[in-house]
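Take a look at the structure set out below.
What follows is calculated from the coordinates using simple rules that are stated; it is not laboratory data. Just so it is clear, the structure is predicted and the values come from calculations on it, not from any experiment. Methodologically, a virtual Cβ is constructed for each residue, glycine included, from the backbone with ideal geometry; neighbour enumeration extends over all protein chains shown.
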Amino acid sequence: MRRAAALLLLLHAALFAQAPDSAAAAPKSPLAVERFELANGLRVLLLPLKRAPIVSCRLFYQTGSVHEHAGNTGIAHMLEHEMFKGTDAIAANELWELYERHGGTGLNAFTSDMMTAYFVTLPREKVELFFWLESDRMRNAKMRDFEAEHKVVQEERRMRYEDSPTGRYFETLSATFWEGHPYRNPTIGWPSDIKQLRQEQAQEHFDRYYKPSNAILVLVGDFDPARARELAERYFGPIPAGEKMEDLTFSEPVQVGPKRFAQYKDDARPRVDVWFHTPGLGHPDLYALDVAEGVLNGRSGRLYREMVEGKKLATSASAGNVVQKWESLFEISATPRADADPAQVEAEIWAQIRRLRLEPVSERELEKVKTQLVATNWRSLRDMEHVATRLAFFEMMGDWTLITRFAEEVAKVTPERVQEAVARYLTVDNSTTGTMLPRSASPDAAWEIGAAVPGVPATAPDAEVPHE
């Protein structure tokens, strides 16, 4: 423990020793971030770190699958593809070539439930290229080659979901877990919606969401903050703010009882997943659930020790505290051994939850987990690209300084708080259980071989089976 604590101090010192004097007016935080807004609403976060002569550049737009509805799911992702089709000044796909020609690396983009992000890492002397190209895209993007990209997205959907052993499983599990919340929308979109997407919809989505007042620009690396501010003003300042975006708030209906979902598929490994609803970002209970995750997770965690090494029920087992803006989820998953009964695997998951609820975590185990959590957090902040992405993520979630308060909040967690959080959220009535099993285990297979199927009348195979 003493060695681990010393490591944390060294990591902290190495990360923040480069904090410049010009950041003295920044919010009080271990990260010397300068944050400001342009008159048109563009939020800019600057973190100078002189570790290497490069700069990680990020531009996030606050638009993703939560901003979609039935009939246009997948439009944010479709627009992400279209954003590489150029402008009046840039030919289709030329943006990639320009970045790469000037030493850009890590060029990519992604769409998620909350955001669409564009990012690249550039040599420090080429940062102005990022401001020029991205401001041009924000103002003048052209919806070129729509039908070709439309086919690309449909093929992506087929490969990642329809033809994937687990793609449709997790998509259906998520839609079962989230009943009324737009988190249930798959980022890539539902198949029928993707098929019907049109170029006009992409243009409408661009006009609504791609504007300064709905965007966050982040730089992390070797740059001059005064110069970056001047570039932001010059390139993005003249772009109109556009119509003010409404402040959206979503709330999942209170779950009224346990939910279950099963998929029978021979080309996928059997698995068991149990998900629980938890609060949104910033709630203090989430730090106790981070500790609960640490107690359960990893090769030295309880799930692995009991289910993999001890009772040999599973080949893998893990837990995750997945934090999101409005509401979050806690997940536990396991891969049953070939000779194990999945019902026993599920029962052991509940046994470990019950133990967490009834027995306080020992001080030794608690300190080990806390040290691991904080060390992992600090180590992640040594990666400039990771820091840039996390700053943009937490700013979009509502408060970038949450990234710096993690260690302080984890330190406050007690065994009693872990028990209380587990008892409050990891309950049967708050659970959704997904299982993936071989097709031979399905009720249809049992019917075909003449076995009795629970809850289904023993009628002839060609007779109509009444709905429950």
> Going by the conditions given, is Val254 more than 23 Å from Ala117 (Cα to Cα), crowded, with 16+ Cβ neighbours inside 10 Å and hydrophobic (A, V, I, L, M, F, W, C)?
Replying inline: no
>> Against the condition buried (at least 21 other Cβ atoms within 10 Å of the Cβ), of a type in the set (Gly, Ala, Ser) and closer than 15 Å to Ala421 by Cβ, how does Ala314 come out, does it pass?
In response: no
> Are there any helices (runs of 4 or more DSSP H) wholly within the range 137-240 with 2 or more residues that are touching a residue at least 60 places away in the same chain (Cβ under 8 Å), touching a strand residue (DSSP E or B) at 6+ places or on another chain (Cβ under 9 Å) and among the polar types (S, T, N, Q), and if so which?
Replying inline: 167-177
> Taking the stated definitions as given, is Leu373 touching a residue at least 24 places away in the same chain (Cβ under 8 Å), touching a Gly at 6+ places or on another chain (Cβ under 8 Å) and in a helix (DSSP H, G or I)?
Replying inline: yes
> For the range 67-107, how many residues meet the condition of being touching a strand residue (DSSP E or B) at 6+ places or on another chain (Cβ under 6 Å) and outside any loop (DSSP other than H, G, I, E, B)?
Replying inline: 7
